[in-house]
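Novice: Handing you a structure now.
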Amino acid sequence: MKKKLKVLVLSDGTRPTAADQDLTKELKSSEWKTEANVMDALKTLGHTAEHLALYDNVDVLRQKMEAFAPDVLFNLVEQFNNNPAFDQNIVSFFEMQGLPFTGCGSTGLTLCKHKGTAKKILHYHRIGTPNFVVVPRGQRAARPKHLKFPILIKPVKEEASYGISQASFVESDDEYRDRIAFIHDKYESAAMAEEYIDGRELYVSIMGNVRLTVFPFRELVFKQVPANEPKIATYKAKWDEEYRKRWGLENIYANGLDGALVSRIEDTCKRIYRLLTIDGYGRIDLRLTPDNQLYFIEANPNPHLAEDEDFAMSANKAGLKYPELIDRIVRQGMKTLRG
Ligand SMILES: Nc1ncnc2c1ncn2[C@@H]1O[C@H](COP(=O)(O)OP(=O)(O)O)[C@@H](O)[C@H]1O
Ligand SMILES: [Mg+2]
C-alpha cells in the first residue's frame, strides 16, 4: 500500500486570511466546489488534508508549514491580492523555497498566460495557430492588412472568458477599433486580435511530465445557435446556465472523429504541452475546421479540477475515478523536478 500523505490544499482568499482559519463555511459555497471536491477526495484516499487560503500575505503559508508540516502542497491558487496575473509568482515562491507542489511550474504558467507568447512559440514549431496581432495599450489600433475578417478580439492574458462576448466577434474596421479600445479601457489590458476560426471546439486534457497521458476529448457544442452565427465560448456561454439552455450549449464527449484524426490531435496536443513546458496537468483548447485543419486556441495549465468539469470528466472516461485522479496529481507533484 502506498504511503498516506499530509496534503495542504491552497486556494484563493479574497480578503485577509489566517493560518488557522476555519474555511468550513466557504467550502460549502459553489465558488469553492473544486476545493471541496479535492478535500473530499483526499480524505477518501486516506490522506490527511488541511486547507489554507492565500490573500496578500505569504507569511501565513510559513506559519501553516510550521504547524502542519505537509508532504506536498495541492495548488489551487489562481491569484494573489485579487489579481490573477500573479499565479505564476506564487508558484515561483514555492519553487524558491523548494516546496513540492501539484500542477504546473512557473515557466509553463507564464508562457501559457500570455496568449501571444504561447502562439509565437507554437507557430515557430509549425503548429496551426490563427493569424493574430497583440495591440498594447496606448498603441494605435488600425488593423494590419494581413489580418482577415472575421476577427475575434480578447484580452491577451485573461482566463475564464473574461472580456469575451458576442461583441468580441468583429467584421469591420470600425468594430475592430471600438472593441480594441474597449479591452484597453475596461480590462486595462493589451488586446489580442486573431482571425476567427470556424469549427468544432475541442478540449484535450493531458496529464504527466515526461510520459504523457491524453484523455478522451471533450467538445462544446452549440446546438441551437444558427449555422451562420459565430460560435464562441463567451463568458455567458461558460457561466450562465439560463443562457446555455437557451442556445443549447453543452459540454459533451467529442464523437465521430476517426482514429487517424484522434491520433493526430493527441500528438499535436502532446507537442503543445511540451513546447509550452506544462507540467502536472493541462487542457489544450482547439478548433477543428470542417476540412479537419487543427488550430490552437489556448493552453490551460492547472485547468479547473472540479469533479464535473471537463478535465475530470475526460479522466473519468479513461477509467480514472476522481479520487484516483487526485491521488495521481498529488504523487506526480511530489516527484516533479523543478528548476
Ligand atoms: N481565434 C478564434 N477563433 C474562434 N473562436 C475563438 C478564437 N479565439 C477564442 N475563441 C473563442 O473564445 C473562447 C475563449 O477564448 P480563450 O482564448 O480560450 O480565452 P479564455 O482564456 O478566457 O478561455 C474560446 O473557447 C473560443 O470559443
Ligand atoms: Mg479558454
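Novice: Looking only at segment 295-339, filter to residues that are modelled with pLDDT of 95 or more and hydroxyl-bearing (Ser, Thr, Tyr); which one of those is surrounded by the fewest Cβ atoms within 10 Å (Cβ to Cβ)?
Specialist: Tyr295
Novice: Something else about it: Which numbered condition trips up Thr110, out of (1) surrounded by 20 or more Cβ atoms within 10 Å (Cβ to Cβ); (2) farther than 27 Å from Asn228 by Cβ; (3) in contact (Cβ under 8 Å) with a residue 24 or more places away in the chain?
Specialist: If we test Thr110 against (1) surrounded by 20 or more Cβ atoms within 10 Å (Cβ to Cβ); (2) farther than 27 Å from Asn228 by Cβ; (3) in contact (Cβ under 8 Å) with a residue 24 or more places away in the chain, just (3) comes out false.
Novice: So which of Asp310, Asp279 ends up being acidic (Asp, Glu) and more than 16 Å from ligand 1 (Cβ to nearest atom)?
Specialist: Details: Asp310 fails: more than 16 Å from ligand 1 (Cβ to nearest atom).
Selected residue: Asp279, the only one of Asp310, Asp279 that is acidic (Asp, Glu) and more than 16 Å from ligand 1 (Cβ to nearest atom).
Novice: Here are some conditions: (1) of a type in the set (Ser, Thr, Tyr); (2) more than 14 Å from ligand 1 (Cβ to nearest atom); (3) assigned to a loop (DSSP other than H, G, I, E, B). Thr110 meets all but one. Which one does it not meet?
Specialist: (3)
Novice: Contact list please: Cβ distance under 6 Å, first residue in segment 160-175 and farther than 14 Å from Tyr196 by Cα, second residue part of a loop (DSSP other than H, G, I, E, B) and among the basic types (Lys, Arg), pairs at least six apart or on different chains.
Specialist: Asp173/Arg143
Novice: Okay, next question. Is it the case that segment 171-191 has a residue that's within 21 Å of the chain's Cα centre (by Cα), of a type outside the set (Asp, Glu) and within 15 Å of ligand 2 (Cβ to nearest atom)?
Specialist: no
Novice: Could you say whether any residue in segment 200-214 is in contact (Cβ under 8 Å) with a residue 60 or more places away in the chain, farther than 25 Å from Cys104 by Cβ and assigned to a loop (DSSP other than H, G, I, E, B)? I'd like the intermediate steps shown before the answer.
Specialist: Of the residues in segment 200-214, the ones in contact (Cβ under 8 Å) with a residue 60 or more places away in the chain are 200-209, 212-213.
In the following step, the residues that additionally are farther than 25 Å from Cys104 by Cβ were identified as 200.
Still in the list and also assigned to a loop (DSSP other than H, G, I, E, B): none.
Looking for residues that are in contact (Cβ under 8 Å) with a residue 60 or more places away in the chain, farther than 25 Å from Cys104 by Cβ and assigned to a loop (DSSP other than H, G, I, E, B), one finds none in segment 200-214, hence no.
Novice: Tally up the residues in segment 281-295 that are of a type outside the set (D, E, K, R), within 15 Å of ligand 2 (Cβ to nearest atom) and more than 14 Å from the chain's Cα centre (by Cα), please. Talk me through it step by step, then tell me what you get.
Specialist: Taking segment 281-295 first, the residues of a type outside the set (D, E, K, R) are 281-282, 284, 286, 288-290, 292-295.
Applying the additional criterion that residues be within 15 Å of ligand 2 (Cβ to nearest atom) yields 282, 284, 286, 295.
Now drop any that are not more than 14 Å from the chain's Cα centre (by Cα), which leaves 295.
Selection size over segment 281-295: 1.
Novice: Quick one: Ala36 ticks every box in (1) touching a Pro at 6+ places or on another chain (Cβ under 8 Å); (2) crowded, with 17+ Cβ neighbours inside 10 Å except a single one, so which number is it?
Specialist: (1)
Novice: While we're looking at this one, here's another question. Which is in contact with a helix residue (DSSP H, G or I) (Cβ under 8 Å, 6 or more places away or on another chain), modelled with pLDDT of 95 or more and within 30 Å of Asp285 (Cα to Cα), of Leu45, Leu109? Working first, answer last.
Specialist: Numbers: Leu45 fails: within 30 Å of Asp285 (Cα to Cα).
None of the others qualify; the one that does is Leu109.
Novice: Suppose we filter Ile284, Ile272 for residues that are crowded, with 19+ Cβ neighbours inside 10 Å and either over 29 Å from Tyr124 (Cβ atoms) or in contact with a Cys (Cβ under 8 Å, 6 or more places away or on another chain) (or both); which single one remains? Give the steps one after another, and end with the answer.
Specialist: Working: Ile272 fails: either over 29 Å from Tyr124 (Cβ atoms) or in contact with a Cys (Cβ under 8 Å, 6 or more places away or on another chain) (or both).
Matching residue, one of Ile284, Ile272: Ile284.
Novice: While we're here: I'd like to check something: does segment 251-258 contain any residue that is free of Cβ contacts under 8 Å to residues at least 40 places away in the same chain, within 12 Å of ligand 1 (Cβ to nearest atom) and closer than 22 Å to Ile164 by Cβ? Break it down into steps so the answer makes sense when it comes.
Specialist: If we filter segment 251-258 for residues that are free of Cβ contacts under 8 Å to residues at least 40 places away in the same chain, which is where we start, we get 252, 255-256, 258.
If we keep only those that are within 12 Å of ligand 1 (Cβ to nearest atom) as well, we get none.
No; the residues of segment 251-258 include none that is free of Cβ contacts under 8 Å to residues at least 40 places away in the same chain, within 12 Å of ligand 1 (Cβ to nearest atom) and closer than 22 Å to Ile164 by Cβ.
Novice: Residue by residue through segment 139-166, note down the ones that are away from ligand 2 (no atom under 16 Å from the Cβ), surrounded by 18 or more Cβ atoms within 10 Å (Cβ to Cβ) and either of a type in the set (S, T, N, Q) or in a strand (DSSP E or B) (or both).
Specialist: Within segment 139-166, Ile151 is the sole residue that qualifies.
The values are calculated or read from the model by the stated rules, or taken from the named source; none is laboratory data. In this text, all values refer to a predicted model and were calculated from it rather than measured experimentally. In this analysis, Cβ positions are derived from the backbone assuming ideal geometry, glycine residues included, and neighbour counts consider all displayed protein chains.
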